[in-house]
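K.L.:
Submitted below is the structure of interest, expressed as structure tokens.
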Amino acid sequence: MVNFLVCIIFSFLISGCGPQQAGAPVIKIGCAAPLTGDQAQLGVDNCNGVELAVQQANEKGSGIRGHRLELVAQDDQHNPAQAVNVAKKFVSDRDVVAVVGHFNSSCTKPASAIYHEAGMVQITAASTNPEISKQGFETFFRVSATDDVQGPKGAAFAAKNLGVKSVFVIDDKTTYGKGLADEFEKEARNLGLVLLGHEGITQGDKDFTPLITKIKPLLPELIYFGGIYPEGALILRQMRALDVSAKFMGGDGLATPVFIQLASPEIAEGTFATMVGGDMKKVPSAAKFIEDYEARYGELGQWSAYGYDAANIIITALQKAGEKDRAAVLKAVREIPSFQGVTGEVVFDEKGDNKNQFIGVFKVEAGQLIYIGPAE
């Protein structure tokens, strides 16, 4: 993380991090994510993957001959208004040809209109809300799966694998959290689970005891949370403090070791989380990527490989375009029939979504996030 932040801080003084072609004209690839605040680890992990792809392309001489690639990272603070400002900054810089971002769906959706107006490629590595691609923006792409796949598969896992009969759903009212929770709820109802209630909380809140006190006498077998780990960890801690013994489950916003640290390993034990992918360390084709990543940044993040693939799709498009032109890069991305990344094969449909959508399930065991298999 330190290396990545140093690159951001000094990006205006130096032309990148790693080997460079001195004096060569610059082509910039943006990365937009929360880089400070309570979700910073997710954003840093994602942009580290982008940075690694850029570094390796420069080392190999990939991209456009005679040009040097440069990462430009911007902190959107997981705030939609700030995300729009970040998008405008990228668009105003004519050296930026494409952006990997944003991380949060609530940021990606409003920013996507800015990129669309500018004709700039936007590839999100992590925003999973399905409504984003339904806007019809030809500039939008994503490498991750979507919540209309993740939510139902989570509900099916809860019903079939965990055997629960009743559930209470909580979401954080964001585009991502509410969207995921709503998709989970719809499939849970279809599968015959008893929905005891669905309530929303606000990101940044700390005290959830009134809500948990309301839930406790309902005796749910499962509490499902659509949201990110800062609030998820607090909800779980406060559940256990009030002797609510229901199983706890969420989506990819909980699928990170940071959730375990915040909740504490003892309290997080037995928690389940779906993720838009499996265990990267069990994918043979990802071994070299992981070796290179961990040599530079330390432990692999849950979203690092997705940022890496998104950046490499842009770099491949640059090679095909052969020129520093946003329209040419957009055309080249659209014409890539498939891309074999470290996360698997990426094939974009007409909306820019990845046709290959895989959902894995993780469980907290002995303080570790353990991959237990695909969600069927």
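FYI, it's all coordinate maths here, none of it is from the lab. Quantities reported herein were computed from a predicted structural model and do not represent experimental measurements. Reconstructed Cβ throughout: ideal geometry from the backbone, glycine too, with neighbour counts over all protein chains shown.
K.L.:
Note the per residue figure in Å³ for the convex hull of the C-alpha positions in region 74-203.
P.N.:
Dividing the Cα hull volume of region 74-203 by its residue count gives 98 Å³.
K.L.:
Another one. So if each residue of separation counts as 0.36 nm, and I subtract the Cα-Cα distance between GLU335 and ASP182, what length gain in nm does that give?
P.N.:
Gain on extension, GLU335 to ASP182, equals 51.7 nm.
K.L.:
Going by a ≥ b ≥ c, the root eigenvalues of the Cα gyration tensor, does region 146-225 fall in the rounded group (a/c under 1.5), the prolate group (a/b larger than b/c) or the oblate group?
P.N.:
oblate
K.L.:
Show me the ranking of peptides 174-186, 85-97, 197-209 by mean Cβ neighbours inside 10 Å, starting with the highest.
P.N.:
Ranked by mean Cβ neighbours within 10 Å, highest first: 174-186, 85-97, 197-209.
K.L.:
Next up: Using only C-alpha positions, report the orientation-averaged shadow area of the convex hull of region 258-376, nm², one decimal. Mind dumping the intermediate values first?
P.N.:
Values: hull surface 36.8 nm².
Over every viewing direction, the Cα hull of region 258-376 projects on average to 9.2 nm².
K.L.:
Oh, and also: Can you give me the Cα centroid spacing of region 245-284 and region 351-374 in angstrom?
P.N.:
Each part reduced to its Cα centre gives a spacing of 9 Å.
K.L.:
What are the lysines whose alpha-carbon lies under 20 Å from the alpha-carbon of LYS282, with same-chain residues fewer than 8 places away excluded?
P.N.:
Partners within reach: LYS363.
K.L.:
Also: Which pairs break 32 Å Cα to Cα here: LYS60/LYS331; LYS288/LYS355; LYS89/LYS281; LYS28/LYS134; LYS153/LYS288; LYS173/LYS331?
P.N.:
Table pairs above 32 Å Cα-Cα are LYS89/LYS281; LYS173/LYS331.
K.L.:
Can you tell me what share of the DSSP beta bridges in the chain is antiparallel? A percent to the nearest 5 is fine.
P.N.:
Of all bridge pairs located within the chain, approximately 30 percent are antiparallel.
K.L.:
How large, in Å, is region 27-113 by the Kirkwood hydrodynamic radius built from its alpha-carbon pairs?
P.N.:
Taking every pair of different Cα atoms in region 27-113, averaging 1/r and inverting gives 13.1 Å.
K.L.:
If the chain between GLU59 and ALA241 were fully stretched, how many nm would it gain, using 0.36 nm times the residue separation less the Cα-Cα distance?
P.N.:
60.3 nm
K.L.:
While we're here: Region 332-376: D in µm²/s via Stokes-Einstein (Kirkwood Rh, Cα pairs, 4 °C, 1.567 mPa s)? Intermediate values should be presented prior to the final figure.
P.N.:
Details: Rh = 12.7 Å.
Estimated via Stokes-Einstein, D reaches 102 µm²/s.
K.L.:
Now, a different point. Work out, step by step, the length gained on full extension between ILE370 and SER92: first 0.36 nm times the residue separation, then minus their alpha carbon distance; give nm to one decimal.
P.N.:
Difference between extended and current length: 95.8 nm.
K.L.:
What net charge is computed for the residues neighbouring GLY43, neighbours being all others with C-beta under 9 Å from the C-beta of GLY43, Lys and Arg scored +1, Asp and Glu -1?
P.N.:
Its environment carries a net charge of -3.
K.L.:
Then there is this: Extending each Cα 7 Å along its Cβ direction at ARG189 and LYS160, get the distance between those two points in nm, one decimal.
P.N.:
2.2 nm
K.L.:
Kindly state, as a whole number, the per residue volume in cubic angstrom of the convex hull around the alpha carbon atoms of the chain.
P.N.:
120 Å³
K.L.:
Around THR175, under 12 Å between beta carbons, what's the net of Lys plus Arg minus Asp minus Glu among the other residues?
P.N.:
My count for the surroundings of THR175 gives -2.
K.L.:
Moving to a separate point now. Please report, ordered by residue number, every helix of the chain (full DSSP H runs) that is 24 Å or longer along its axis going by C-alpha atoms and whose mean Kyte-Doolittle hydropathy reaches 0.0.
P.N.:
On the way: long enough: 40-60 (30 Å, -0.39); 304-321 (26 Å, 0.41).
Span-like helices, by this rule, are 304-321.
K.L.:
What's the long-distance tail for region 262-327, i.e. % of Cα pairs beyond 20 Å?
P.N.:
The calculated P(r) of region 262-327 puts 51 percent of pairs beyond 20 Å.
K.L.:
Add +1 for every Lys or Arg and -1 for every Asp or Glu among the other residues with Cβ under 13 Å from the Cβ of PHE208, and state the total.
P.N.:
-1
K.L.:
Sorted by mean Cβ packing within 10 Å, highest first, what order do the peptides 51-64, 135-148 take?
P.N.:
Highest mean packing first, the order is 135-148, 51-64.
K.L.:
Here's another thing I want to ask about it. At 222 nm, what value in deg cm²/dmol follows for the chain if DSSP H runs of at least 4 each add -39500 (n - 2.57) and the sum is divided by all its residues, to the nearest 500?
P.N.:
One gets -12500 deg cm²/dmol as the mean residue ellipticity at 222 nm.
K.L.:
Right, something else. Taking the Cα atoms of region 211-311, report the difference between the largest and smallest coordinate on each principal axis, in whole Å and largest first.
P.N.:
Cα spread of region 211-311 along its principal axes, largest to smallest: 51, 21, 20 Å.
K.L.:
Further question: Quick check: Cα centre of region 82-104 to Cα centre of region 149-221, how many Å?
P.N.:
34 Å
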